[in-house]
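Engineer: Sharing a structure with you now.
Please treat every number below as a calculation from the coordinates, not as lab data. Computed from a predicted structure; not experimentally measured. Glycine also receives a Cβ, built like all others from the backbone with ideal geometry; neighbour counts cover every protein chain displayed.
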Amino acid sequence: MDTVRLNQRLADVVPYDPKYLPADCMLSANESPYNIPDDIRYEIRKKLKRLDFNRYPDPLANELRDLIAAANGLERENVLVGNGGDEILFNTALAFGGPGKKFLNTSPTFSVYTANAFLTGTEVVDIPRLDDYRVDELGILTRVAEGDIDYIILTSPNNPTGQLVSETFIRHLLESTDALVMVDEAYGEFSRMTCRPLLGLHKNLVILRTFSKAFSCAGVRLGYLLGDADVISEYLKVRQPYSVDAVSQLIGCTVYENRQLFSPAIQDIIAERGRMMEELQTIEGIKAYPSDANFILVRMDDADVAWQQLYDQGILVRDFSHTPLLENCLRLTVGTPKENKALLKALKRIARTRRRDEGND
Ligand SMILES: *Cc1c(COP(=O)(O)O)cnc(C)c1O
């Protein structure tokens, strides 16, 4: 056959492409600018030498599950480990979505949520964020009161806009609905806030976390979910048995046992975020949105032109300028002090040139 029967449902689907281009300053993917500490790398190397590569891994990564459970005052049954948070997000749509099911989204937010809903035939009910990108609390509660929402994802802090969701609102929402409420805390370590205290009080709450951001392991693919044992069981029904490989499990355990070694880097990034925010606010023509994550969203005229100018100077940031509700926005990941300085210098130069060009008109 020189033809193949394609699935029409996928005709308009565009594969995820983060457009990672090579650059001196990689400030586009919200990764940590720091590799994992040398001591941890040395320990991983030692353990790798003894790994039985010929054996299948523990399907549920129970050793890592136990470490995460203990640190959170929970049991193994309350923890699910995934191949990145992304796998857990997909499994959420598989387990709680599907044809005839509804997912409540709060755009603009992480685009993976709606992509997963589409792939699983789940209807998306969108309650857009307000002008300052805070969630529309009243809008969500009103919509949820109709009683037909199956799952909700609240990103706190939100990607790509940076705001936290208030704990009071989350508590209120959890009491108002039996829908699964996922709080995506991928950037939680940079915010000093977590919904962990609400677990155990609300069966319909799950919390998503990842090793990819604060724990410098984006290359490893590890994320985890905290929740009620009955909810975790639903995930076990849909997950791929060996999605978390043995090497990742080994790295995850070593990183998690030594996670206090990441505190200085997290503190540095939080401090740098504050410094960047202060400086951004002094640049004419740039609006910077307050952030509790390791990135800052900025808005400026002709942001796509600025993106190219930054890239020409070796600085890669994330261009959202043509994304609905994020028109003319760029997302700047907080990098090393040196990278942030280069970025601020370049942005100031762009602003200065624009002012001068206006003066000549
Ligand atoms: C990065 C991120 C994740 C998880 O990413 P993984 O690398 O798959 O663990 C989840 N949610 C949001 C909002 C993110 O930005």
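Engineer: If a/c stays under 1.5 just call it rounded; otherwise compare a/b with b/c (prolate if a/b is bigger, oblate if not). Do that for region 318-357, with a ≥ b ≥ c from the square roots of the Cα gyration tensor eigenvalues.
Structural biologist: oblate
Engineer: Any chance you could list P(r) for region 125-239, counting all Cα-Cα pairs in 5 angstrom bins from zero, rounded to whole %?
Structural biologist: Reading upward from the zero bin: 2, 11, 21, 23, 20, 15, 6, 2, 0.
Engineer: Give me the number: length gained by fully extending Asp301 to Leu261, i.e. 0.36 nm times residue separation minus the C-alpha to C-alpha distance, one decimal in nm. Before the final figure, lay out the partial values.
Structural biologist: Values: separation 40, 0.36 × 40 = 14.40 nm, distance 4.07 nm.
Going from the current span to full extension adds 10.3 nm.
Engineer: Same structure, new question: As an exercise, identify the GluC sites (Glu not before Pro) in region 311-361 lying in DSSP coil whose Cβ has no more than 15 other Cβ atoms within 10 Å.
Structural biologist: Glu327
Engineer: Using θ = phi - 60° and the Karplus form 6.51 cos²θ - 1.76 cosθ + 1.60, what ³J(HN,Hα) does each residue of region 87-93 get, whole Hz, x for Gly and Pro?
Structural biologist: Once rounded to whole Hz, the list reads 5, 5, 5, 5, 5, 5, 5.
Engineer: Across region 247-260, in residue order, what do the Karplus-derived ³J(HN,Hα) couplings come to in whole Hz, using 6.51 cos²θ - 1.76 cosθ + 1.60 with θ = phi - 60° and x for Gly and Pro?
Structural biologist: So the Karplus estimates, Gly and Pro as x, are 5, 5, 4, 4, 5, x, 5, 5, 5, 5, 4, 10, 5, 5 Hz.
Engineer: Asp136: net charge of surrounding residues, Cβ under 13 Å, Lys/Arg +1, Asp/Glu -1, itself excluded?
Structural biologist: In short, -1.
Engineer: To check my understanding: the extent here is largest minus smallest coordinate of the Cα atoms along each principal axis. What are those three numbers for region 83-128, in Å, largest first?
Structural biologist: Extents along the principal axes: 29, 23, 13 Å.
Engineer: Now for a different question. Over region 60-105, consider all pairs of different Cα atoms and compute the Kirkwood hydrodynamic radius from their mean reciprocal separation; express it in Å, one decimal. Display every interim value, and only then the final one.
Structural biologist: Details: mean 1/r = 0.0829 Å⁻¹.
About 12.1 Å for region 60-105.
Engineer: Mind counting lysine pairs for me in the chain? Cα separation below 28 Å, and the two need to be 8 or more apart along the chain or on different chains.
Structural biologist: Taking the Cα cut-off of 28 Å, the pair count is 26.
Engineer: Only loop residues by DSSP count here, and only those with at most 13 other Cβ atoms within 10 Å; note down the GluC sites (Glu not before Pro) in region 222-294 that meet that.
Structural biologist: Listed in order of number, the matching sites are Glu284.
Engineer: Identify which of Ile350, Ile266, Ile296 has the largest mean-square fluctuation in a Gaussian network model of the chain, with springs joining Cα atoms closer than 10 Å.
Structural biologist: Comparing Ile350, Ile266, Ile296 in a Gaussian network model of the chain, the most mobile one is Ile350.
Engineer: Say a site is exposed when it is one of the chymotrypsin sites (Phe, Trp or Tyr not before Pro), sits in a DSSP loop, and has at most 15 other Cβ atoms within 10 Å; what is then the longest site-free stretch of the chain? Each step should come with its number before you reach the end.
Structural biologist: On the way: sites that count: Tyr16, Tyr20, Tyr34, Phe53, Tyr242.
For chymotrypsin sites (Phe, Trp or Tyr not before Pro) (loop position, at most 15 other Cβ atoms within 10 Å), the longest site-free span of the chain is 54-241.
Engineer: I'd like to know which of Gly100, Asn54, Ser233 lies farthest towards the positive end of the charge dipole of the chain, counting +1 on Cβ of Lys and Arg and -1 on Cβ of Asp and Glu.
Structural biologist: Result: Asn54.
Engineer: Per-residue HN-Hα couplings for region 165-175, Karplus 6.51 cos²θ - 1.76 cosθ + 1.60 at θ = phi - 60°, whole Hz, x for Gly and Pro?
Structural biologist: These are the phi-based 3J(HN,Hα) values: 9, 5, 5, 4, 5, 4, 4, 4, 4, 4, 7 Hz.
Engineer: Rounded, prolate or oblate for region 83-164? Axes are the square roots of the Cα gyration tensor eigenvalues, ordered a ≥ b ≥ c, and the cut-off for rounded is a/c under 1.5.
Structural biologist: Verdict is oblate for region 83-164.
Engineer: Hey, another quick one. List the relative contact order of the chain as a percent without decimals, with contacts defined as Cα pairs under 8 Å and 6+ residues apart.
Structural biologist: 22 percent
Engineer: For region 1-50, just say rounded, prolate or oblate: build the C-alpha gyration tensor, square-root its eigenvalues into a ≥ b ≥ c, call rounded for a/c under 1.5, and beyond that prolate if a/b exceeds b/c, oblate if not.
Structural biologist: The shape class here is oblate.
Engineer: Could you list the GluC sites (Glu not before Pro) in region 54-130 that lie in coil according to DSSP, counting only those with at most 11 other Cβ atoms within 10 Å of their Cβ?
Structural biologist: none
Engineer: Hey, another quick one. Using modelled backbone amide H atoms (1.01 Å from N, in-plane), which distant-in-sequence or interchain residues come within less than 5 Å of Thr210's amide H?
Structural biologist: Tyr224
Engineer: Sticking with this one: Give the percent of DSSP beta bridges with both residues in region 181-282 that are antiparallel, rounded to the nearest 5.
Structural biologist: Of all bridge pairs located within region 181-282, approximately 55 percent are antiparallel.
Engineer: On to the next question. Report the percentage of all Cα-Cα pairs in the chain whose separation exceeds 26 Å, rounded to a whole percent. Working shown, then result.
Structural biologist: Details: 35002 of 64980 pairs.
In whole percent, the long-distance tail amounts to 54.
Engineer: Here's another thing I want to ask about it. Which semi-axis lengths, in whole Å and largest first, follow from the square roots of five times the eigenvalues of the Cα gyration tensor of region 259-357?
Structural biologist: Whole-Å semi-axes of the equivalent ellipsoid: 24, 15, 12.
Engineer: Take every DSSP beta bridge with both residues inside the chain and express the antiparallel ones as a percent of the total, to the nearest 5. Spell out each step's value before the answer.
Structural biologist: Details: 18 of 36 bridges.
The antiparallel fraction comes to roughly 50 percent.
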